[in-house]
Amino acid sequence: QVQVVLSGGGLVQAGGSLRLSCAASGSINNFGAMGWYRQAPGKQRELVATITRSENTNYADSVKGRFTISRSSARNTVYLQMNSLKPEDTAVYYCNTFPTYLASWGRGTQVTVSS
């Protein structure tokens, strides 16, 4: 099973930025795509962004123009740059393979945006 280690969450004011990192235990090139997901309190987990081996990206409508997903094959790491953060972005963020979930979800990383 793939293991991922997340970092970069925290508390930020609305309009601020954060960068999340997801370091995988193996080569991310083994997977067709990687994705960032999030789960807000009382809501279901949702897909935020995906990136393929060829670096094609897709975003949820709610984050388009504000979030950027990227990857480093050399570091086996996927990133999520989050700009212009809004209180509704508050959630626990997770990283996993896409579309099938091959990694343990773990505890994720908390992102809290204050108004």
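Annotations for the structure displayed:
- Selection status of Y59, without any contact (Cβ under 8 Å) to a residue 12 or more places away in the chain and either touching a helix residue (DSSP H, G or I) at 6+ places or on another chain (Cβ under 7 Å) or not charged (D, E, K, R) (or both): yes
- Flag for V78 being over 14 Å from Q3 (Cα atoms) and out of contact with any Pro (no Cβ under 7 Å at 6 or more places or on another chain): no
- From V111, V63, V92, V78, residue being in contact with a Cys (Cβ under 8 Å, 6 or more places away or on another chain) and aliphatic (A, V, I, L, M): V78
- Every residue from region 26-40 that is touching a residue at least 40 places away in the same chain (Cβ under 8 Å) and open to solvent by 20 Å² or more (accessible area, probe 1.4 Å): G26, S27, N29, F31, G32, Q39, A40
- Of the residues making up region 1-17, those that are open to solvent by less than 30 Å² (accessible area, probe 1.4 Å) and within 13 Å of N83 (Cβ to Cβ) are V12, G16.
The values are calculated or read from the model by the stated rules, or taken from the named source; none is laboratory data. These numbers come from a predicted model, not from an experiment. Cβ sites come from the backbone with ideal geometry, for glycine too, and all protein chains shown count toward neighbours. Accessible surface areas use protein heavy atoms only, side chains included; no ligands, DNA or RNA. Shrake-Rupley method; radii C 1.70, N 1.55, O 1.52, S 1.80 Å.
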